[in-house]
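The values are calculated or read from the model by the stated rules, or taken from the named source; none is laboratory data. In this text the structure is predicted, and so the values were computed from the model without any measurement. Positions of Cβ are generated from backbone atoms using ideal geometry, with glycine treated the same way; all protein chains shown enter the neighbour counts.
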Amino acid sequence: MAKRDALFLHLVFAGLLVMAFLFSEERLYADAGYYLSRVINGRGFWIEHNRLILFFSQILPWLAVNARLPLKAVIILYSLGHVLYFYLLALIAFYRLGDRYAALALVLVQITGIGQSYFTPQFEMYYGIGLLILFSTLLAKITCRELPRSTVNITLLLILGALVITSHPVNQYLFLFVLAWDVIKNKRKVDRLHVLLVSLLVLGMIYKWFTFSPYEQGKVGLLLHFRSHKHYLQLLNLHYLSDLVIYLIRYYWDAGLLFLITLIVFIRSKEYSRMLLILIFSGAYLLLVNVTYNGLESGRYMEQVYFPIVFLVLWPYIDGVVRKPGTVIRAVTLVMLTLIVVIRPAGIVKAGHHFRERMAQIKGMVAFSRQMPGNKFYIAQATLNQSTMDFGWSLPVESMLLSAEGSPQRAVSVVTQEDLVAAEKIRYPDPDQFIFTRWEVDDDSYLNTRYFQLTRCVYRPLFITPDALRRYGEKLHLSIEPRKKYNANTTVAILVHIRNRNIPPGTSLFGCTPLLSCHWYHNGQLYQWDGIRTPVKSGINNRLKQTVMVQTPQEPGEYLLTVEMLIEGKMWFDNGVSKMVKVE
């Protein structure tokens with residue numbers, strides 16, 4: 001049994017490490033790229049909001065920077081480090097504490113309820129919850145006297161508790177849940193150890209109250225002044241409540257299944273106090289979220305906001321259900337493990353296609369910028385409005401990281417017009433300054449010149465020159481698969497294969513939407529030049545297969561069909577591919 005569990009543990013983490021390697025660039029999204037840039041350029045650890053747990057997410061990139069490794073290696077190690085952190089905790093739980101179920105929880109907490117937030121893996125709450133699982137396991141073993149109440153064990157428990165409490169304000173709420181869970185689970189009265197841990201929590205809350213950063217003050221203010229934004233009124237709307245149920249089932253189906261199984265088991269075993277504890281804590285937090293925010297919004301941020309509910313469901317399932325003996329529970333656990341371990345990573349990979357295209361478009365911006373003088377550029381808002389991608393406040397950070405992978409001299413700072421306007425309110429970037437994020441302007445001298453080097457210049461608008469468009473189009477290769485015969489004067493769909501040989505293959509054309517259209521030739525003469533325009537359905541990241549809509553000629557005969565790409569109002573790419581078809 002132990003060998004089988006160990007093999008499962010190592011295989012799952014091996015898979016997670018492979019995913020982290022393959023998506024290392026995509027996992028630079030938003031805060032993840034921000035903190036890595038701070039570590040590289042600051043040449044040290046970067047702790048914000050007094051969240052000391054950030055230290056653990058920065059160990060590997062800090063070592064890599066001090067070892068003078070290439071930027072590509074730094075980025076890969078940064079991505080791998082987030083998995084290795086949980087792997088280390090799982091190994092401690094499995095081998096040192098002898099608790100395979102806690103190790104299982106440390107596997108599931110990385111994928112349950114996770115989608116887009118996989119690409120901002122440094123999130124302090126995630127790191128704190130990992131330690132909270134270890135804390136819960138150690139606490140249970142001490143209170144059940146499986147481990148002695150020695151000075152070493154109590155000290156270790158207090159250190160883990162302090163790191164959890166300071167990791168994220170919401171983790172203080174989860175910490176309180178774990179204490180209550182331990183008391184109810186073991187049917188014990190509150191003893192001196194619990195009093196000590198509650199005192200630690202109170203001290204942590206007092207410390208946090210007096211050290212709130214402006215960012216945290218804003219979040220607390222959002223909650224305290226809930227009457228001003230009136231989100232609470234949506235809870236009185238039956239349509240909103242039904243939509244909320246659908247939303248939770250859609251995005252948190254795995255946590256929902258664990259929740260239902262746990263409730264059923266607790267009802268059958270008449271463990272009503274534990275069931276009530278889960279309902280109170282998860283229900284109160286769900287209420288809190290929907291009073292503070294529009295709870296139906298999707299995306300990385302709201303996924304992180306809802307994540308505490310995942311822990312409030314996952315830990316009771318692991319600690320209260322999976323630990324119970326019985327073949328039925330083992331069978332249900334096996335089915336749930338299979339569903340979550342297979343389906344969730346598949347969903348993450350699917351979300352990864354969006355972030356991969358986003359990275360490709362940023363690389364495309366960088367590639368086009370290198371055809372212009374300077375290395376500081378901004379993109380007009382009107383151009384961005386035509387894009388399907390949300391580049392957000394972190395574009396300056398991500399463009400620097402992705403552009404400098406080859407050498408520090410190739411570093412480029414690309415920002416949005418919104419970034420530039422926001423930066424100007426702080427101080428207008430001088431030629432020897434760059435925009436770090438939308439709200440931060442730094443001197444070029446701040447950069448770690450081993451990885452980033454910017455020349456003295458001002459921010460210029462970034463646009464595509466006709467020559468750049470032509471060169472880009474020359475490396476878009478088409479092939480088509482039409483049928484041999486078509487009826488006259490009908491609209492048909494023809495399969496098109498597009499191969500992008502540009503390096504990088506990013507398709508960011510800054511508002512120039514690539515289209516597919518066709519020409520018809522009859523007896524060596526042009527019959528019709530302009531055909532139906534079919535937008536390229538997504539970014540052309542290396543290869544793409546889609547259909548193009550074509551209107552066949554009105555007269556029967558043998559025709560030469562040519563499919564070609566174009567940018568409306570600018571140019572045809574002159575990359576057409578032709579095949580003979582018969583029109584009847």
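A search for C-beta distances below 6 Å between a residue of the range 21-43 that is in contact (Cβ under 8 Å) with a residue 40 or more places away in the chain and surrounded by 22 or more Cβ atoms within 10 Å (Cβ to Cβ) and any residue that is of a type in the set (V, I, T) and assigned to a helix (DSSP H, G or I), counting only pairs 6+ apart in sequence or on different chains, returns G33/V397; Y34/V397; S37/V397; I40/V65. Among the conditions (1) touching a helix residue (DSSP H, G or I) at 6+ places or on another chain (Cβ under 8 Å); (2) buried (at least 21 other Cβ atoms within 10 Å of the Cβ), the only one that A423 does not satisfy is (1).
Taken residue by residue, the range 457-473 has at least one member that is aromatic (F, W, Y), surrounded by 15 or more Cβ atoms within 10 Å (Cβ to Cβ), touching a helix residue (DSSP H, G or I) at 6+ places or on another chain (Cβ under 7 Å) and at negative phi.
Restricting the range 1-20 to residues that are free of Cβ contacts under 8 Å to residues at least 12 places away in the same chain and in a helix (DSSP H, G or I), the residue that is farthest from D99 (Cα to Cα) is V18.
Annotation note: of V342, V310, V349, V328, the sole residue that is β-branched (V, I, T) and surrounded by 19 or more Cβ atoms within 10 Å (Cβ to Cβ) is V310. Taken together, S228, S242, S199 contain a single residue that is in the same structural domain as P148 (by TED's automatic domain parsing), out of contact with any helix residue (DSSP H, G or I) (no Cβ under 7 Å at 6 or more places or on another chain) and small (G, A, S), which is S199.
Against the conditions (1) assigned to a helix (DSSP H, G or I); (2) under 30 Å from S136 (Cα atoms), A360 satisfies every one except (2).
Applying a threshold of 6 Å to beta carbon distances and a minimum spacing of six or more residues, or different chains, the list of pairs starting in the range 89-104 at a residue that is without any contact (Cβ under 8 Å) to a residue 40 or more places away in the chain and ending at one that is assigned to a helix (DSSP H, G or I) is empty.
The residue list E418, E398 contains one member that is out of contact with any Ser or Thr (no Cβ under 8 Å at 6 or more places or on another chain), more than 12 Å from Y459 (Cβ to Cβ) and touching a residue at least 40 places away in the same chain (Cβ under 8 Å), which is E398. Taken over the range 430-441, the criterion of being under 30 Å from the mean Cα position of the chain (by Cα) and either assigned to a strand (DSSP E or B) or not basic (K, R) (or both) is satisfied by Q433, F434, I435, F436, T437, W439, E440, V441. Identification of strands (runs of 3 or more DSSP E) wholly contained in the range 499-584 with 2 or more residues that are at pLDDT 90 or above and aromatic (F, W, Y) yields 514-522.
Which one is surrounded by the fewest Cβ atoms within 10 Å (Cβ to Cβ), of the residues in the range 127-166 that are closer than 17 Å to L312 by Cα and of a type in the set (S, T, N, Q)? Out of the qualifying residues, it is T137. Any idea which residue in the range 443-456 is surrounded by the fewest Cβ atoms within 10 Å (Cβ to Cβ), counting only those that are in contact (Cβ under 8 Å) with a residue 60 or more places away in the chain and of a type outside the set (S, T, N, Q)? If we take residues in the range 443-456 being in contact (Cβ under 8 Å) with a residue 60 or more places away in the chain and of a type outside the set (S, T, N, Q), then Y446 is surrounded by the fewest Cβ atoms within 10 Å (Cβ to Cβ). Tell me which of these A255 doesn't satisfy, since it passes every other one: (1) surrounded by fewer than 18 Cβ atoms within 10 Å (Cβ to Cβ); (2) under 23 Å from W315 (Cβ atoms). It is condition (1) that A255 fails.
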